[in-house]
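Please read the structure below before turning to the comments.
The values are calculated or read from the model by the stated rules, or taken from the named source; none is laboratory data. These figures come from a predicted structure and were not determined experimentally. Every residue, glycine as well, gets a Cβ built from its backbone with ideal geometry; the counts of neighbours run over all protein chains shown.
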């Protein structure tokens, strides 16, 4: 039976970003990779992802940047193995510098390519930031791995990650990985997580 992987994209990205496409291509025939477009508002995004997890019961979560911010919380709650790529744990600081109108950097299925960053959105993220590590389970922390680009100029949260988790890896790239970097670094680590951990017991009714 093929495994299931849920990929959660970053803030400016979509389910059609390079990382998502490369994951789908790399696991074709071995795992079904879900790469949905997320709502822009964090509480709505969290509900959306939780519903998808409940329905599809993925064996692995992969998140990048803001997506890794979401994945850390949801993986901890459900005990699901997860790979966090360049996690951005302080989205409020990122957004405060970017108030205004923006466009997504990759196509969305609803064809809506524009969004607005405002104070209300920042406050929503602030509420989640305040509780983001509350669900960290010390007995399952080895299931959550971090992958950090050595040339990342946006997120520098490996020290914070290591306060809660043990498995940290580096790759010689920036915040947004290329296709080659995804194949060389993300895919092998995802494979190892899939091999090492089984969720069968966690999904028993």
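Regarding residue 79, is this residue at positive phi and modelled with pLDDT of 95 or more? No, not satisfied.
Of the residues 171, 157, 197, 161, which single one is surrounded by 15 or more Cβ atoms within 10 Å (Cβ to Cβ), at pLDDT below 95, closer than 24 Å to residue 80 by Cβ and in contact with a strand residue (DSSP E or B) (Cβ under 9 Å, 6 or more places away or on another chain)?
Numbers: 171 fails: at pLDDT below 95; 157 fails: at pLDDT below 95; 161 fails: at pLDDT below 95.
So the residue among 171, 157, 197, 161 that is surrounded by 15 or more Cβ atoms within 10 Å (Cβ to Cβ), at pLDDT below 95, closer than 24 Å to residue 80 by Cβ and in contact with a strand residue (DSSP E or B) (Cβ under 9 Å, 6 or more places away or on another chain) is 197.
When residue 80 is tested against (1) in a loop (DSSP other than H, G, I, E, B); (2) in contact with a helix residue (DSSP H, G or I) (Cβ under 6 Å, 6 or more places away or on another chain); (3) touching a residue at least 60 places away in the same chain (Cβ under 8 Å), just one condition goes unmet, and that condition is (2). Within region 40-58, the set of residues being more than 20 Å from residue 89 (Cβ to Cβ), over 14 Å from the mean Cα position of the chain (by Cα) and not in a helix (DSSP H, G or I) comprises just one member, 57.
Of all residues in region 1-28, those satisfying the criterion of being part of a loop (DSSP other than H, G, I, E, B) and in contact (Cβ under 8 Å) with a residue 12 or more places away in the chain are 2, 9, 10, 11, 12, 13, 14, 15, 16, 17, 27.
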